[in-house]
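A short write-up of the structure that comes next.
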Amino acid sequence: QAKNDGRSTYRFFDRELQRAMAERMALEQDMRTGLHSGEFYLVYQPQLDSRGQVIGAEALCRWKHPQKGMVSPAVFIDIAEKSGFILQLGQWVLEQACRTLYGWSMDPRLARLTLAVNVSAQQFHHPDFLPQTLDLMRECRINPAKLELELTESIFAQDVEQIAEKMQALKSLGVCFSLDDFGTGYSSLNYLKRLPLDQLKIDQSFVRDVITDSFDASIVVAMISLGESLGLKVLAEGVETESQLEFLRGKGCSLFQGYLFAKPLSEAEFQSYLQQGGPQVHA
Ligand code: C2E
Ligand code: MG
Ligand code: MG
Ligand code: MG
């Protein structure tokens, strides 16, 4: 009897696994066609300095599936990473972002803003990444100094010297680099020293409980002072409340992003947000 139960449980999980795998394969296929039929778009989340000025935005990718509706980036980015589709998707995102930056450069109210773009490790390591990005910046006639690339600690799986060289090639034109989700991956202080980074982004998982969890508070304080002593800007992600903002500012953090100021916005919403004098809550 017990044996039978075990076997049917096994069959159940087997079926579930098969179903989940089929679902992922279907999504992967839908992503490929969806990218060509305009189902993907970017949204822009404002980034602010400690005076409450919007200094730029992070471009975040969205997918509206014709039947399933909005698919979370946590789901589709993961599938894209595992299937290699991230190379095409990432290139498309970078292209859209450069077009947006070009549009901004034509408008005196927007020309000073930076745009941050997430670049996956796979995309960054690909031999085409550097030449494609150089071409793109030239074709779109953007000022490279307005483009910021967000890398995660997962890039460190590869040779640090090679990473640094590639970064340097882009930095020499003015492109900035930010280390995203800082503290959640495999950073060693040695990497931080050897890479030409401009900014650390404190992951939202540390910001969330910074008021109530003294461990998170200590980590955040340490990250801010680490950034300071390495000469890096420090941006806190996922700032949702005034008290989090107060804490972070008090500890010397000077750049912020989060729902307290704005959620990710369409380009039109982002522009009207700026026109209305930026955030309603003043930093
Ligand atoms: P991320 O780059 O760390 O982006 C920040 C995420 O936090 C975004 O989630 C944003 O919507 C969310 N967020 C912003 N403020 C708050 C807040 O105050 N509270 C909370 N709880 N969340 C906040 P999103 O848009 O769902 O993106 C998730 C992740 O997917 C991104 O994390 C990034 O790793 C990845 N992603 C998104 N777009 C792209 C892309 O174009 N390329 C690549 N490679 N990855 C992307
Ligand atoms: Mg990011
Ligand atoms: Mg992040
Ligand atoms: Mg994240």
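Within the chain, DSSP assigns beta bridges of which about 40% are antiparallel (rounded to the nearest 5). By the helix-only formula, in which each DSSP H run with n ≥ 4 contributes -39500 (n - 2.57) and the sum is divided by residues, the chain has a 222 nm mean residue ellipticity of -15500 deg cm²/dmol. At q = 0.10, 0.16 Å⁻¹, what is the log10 ratio I(q)/I(0) for the chain, with the Debye formula run over Cα points and no solvent? Treating every Cα as an identical point scatterer, log10 I(q)/I(0) equals -0.58, -1.35. Put simply, segment 1-152 fits an ellipsoid with semi-axes of 39, 17, 14 Å; these come from the alpha carbon gyration tensor as the roots of five times its eigenvalues, largest first.
In loop segments of segment 68-99 as defined by DSSP, the trypsin sites (Lys or Arg not before Pro) with at most 14 further C-beta atoms inside 10 Å of their C-beta are 68.
Peptides 253-261, 86-94 ranked from most to least packed by the mean count of surrounding Cβ atoms within 10 Å: 253-261, 86-94. P(r) tail, segment 178-224: Cα-Cα pairs separated by more than 12 Å, 63% of all pairs.
In a simple Cβ point-charge model (Lys, Arg +1; Asp, Glu -1; nothing else charged), segment 1-151 has a dipole of about 300 debye relative to its Cα centre. Around the Cα centre of segment 195-269, unit charges on the Cβ atoms of Lys, Arg, Asp and Glu (plus for the first two, minus for the last two) sum to a dipole of about 180 debye. Taking 25 Å as R0, compute the FRET efficiency from the Cβ-Cβ separation of residue 205 and residue 160 and round it to 0.05. Working from the Cβ atoms, E equals 0.50. Working from label points 7 Å from Cα in the Cα-to-Cβ sense, the residue 106 to residue 228 distance is 4.4 nm.
Stretching residue 12 away from residue 246 to a fully extended chain increases their span by 79.2 nm, per 0.36 nm per residue minus the current alpha-carbon distance. Rounded to the nearest 20, the Cβ-based charge dipole of the chain about its Cα centre (Lys and Arg +1, Asp and Glu -1) stands at 320 debye.
Coordinate-derived values only; no laboratory data. Here the structure is a predicted model, which is why all the values come from computation and not from measurement. Cβ coordinates were reconstructed from backbone atoms using ideal geometry, including for glycine residues, and neighbour counts include every protein chain displayed.
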